[in-house]
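The values are calculated or read from the model by the stated rules, or taken from the named source; none is laboratory data. Since the structure is predicted, the reported quantities are computational estimates derived from the model, not experimental observations. So basically every Cβ, Gly included, is an ideal-geometry build from the backbone, and we count neighbours across all protein chains shown. Just so you know, the surface numbers come from the protein's heavy atoms only, side chains and all, with ligands and any DNA or RNA stripped out. Shrake-Rupley method; radii C 1.70, N 1.55, O 1.52, S 1.80 Å.
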Amino acid sequence: MLVNGHTKHSISSLMAEMLVSAGVTHVYGGHGGAVINLVNAICEHPDLTWIYMRNEGCAALAACAHAKLTGGIGCCLATSGPGATNLTTGLACAVKDDLRVLCITGLKPTSKMGHADFQDVKQSSIFHAAGVQFSMDVTCAEACLP
């Protein structure tokens, strides 16, 4: 699929490059259909270390620990729906400890939103309720391009 001359994979590669530009060195997370291209781009990037976690909640807590121990940015990644909701406790910890944690989640296709399957949750609203200052849904690939 092409978006403004970029393939899905190159958009994921661009996102990986943006993580590095922001100071991210390690990404903790799980995988799933909604984030597989980004996980692949992170694994392929020479300046990023992908650390697979068996549970997304542990990924968020690991990102918090990383931020606390290094003074840098912790980063966690999860797929949409339950993968995203599992991040909530770790993100609440980051808020309470005033840590810099970047969380990226997948999102189901906009054409399928509102059709009550288990992936259909309002992730941004849940994160806002946990105290996260900034959370938004990116609903098109163009929003990821500079």
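At a glance:
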read-out: Residue match in region 74-90 (condition: surrounded by 19 or more Cβ atoms within 10 Å (Cβ to Cβ), in a loop (DSSP other than H, G, I, E, B) and β-branched (Val, Ile, Thr)); value: yes
read-out: Some residue of region 59-80 being over 13 Å from the mean Cα position of the chain (by Cα) and within 19 Å of Ile126 (Cα to Cα); value: yes
read-out: Residues (touching a residue at least 40 places away in the same chain (Cβ under 8 Å), over 11 Å from the mean Cα position of the chain (by Cα) and more than 11 Å from Cys75 (Cβ to Cβ)) located in region 19-51; value: Gly32, Gly33
read-out: Candidate set from region 91-129 (those that are basic (Lys, Arg) and modelled with pLDDT of 85 or more); member that is surrounded by the fewest Cβ atoms within 10 Å (Cβ to Cβ); value: Lys96
read-out: Residue within region 34-49 that is farther than 18 Å from Leu107 by Cβ and open to solvent by less than 50 Å² (accessible area, probe 1.4 Å) present; value: yes
read-out: Members of region 16-33 that are surrounded by fewer than 20 Cβ atoms within 10 Å (Cβ to Cβ) and part of a helix (DSSP H, G or I); value: Glu17, Met18, Val20, Ser21
read-out: Some residue of region 52-63 being open to solvent by 20 Å² or more (accessible area, probe 1.4 Å), under 26 Å from Glu142 (Cβ atoms) and touching a residue at least 24 places away in the same chain (Cβ under 8 Å); value: no
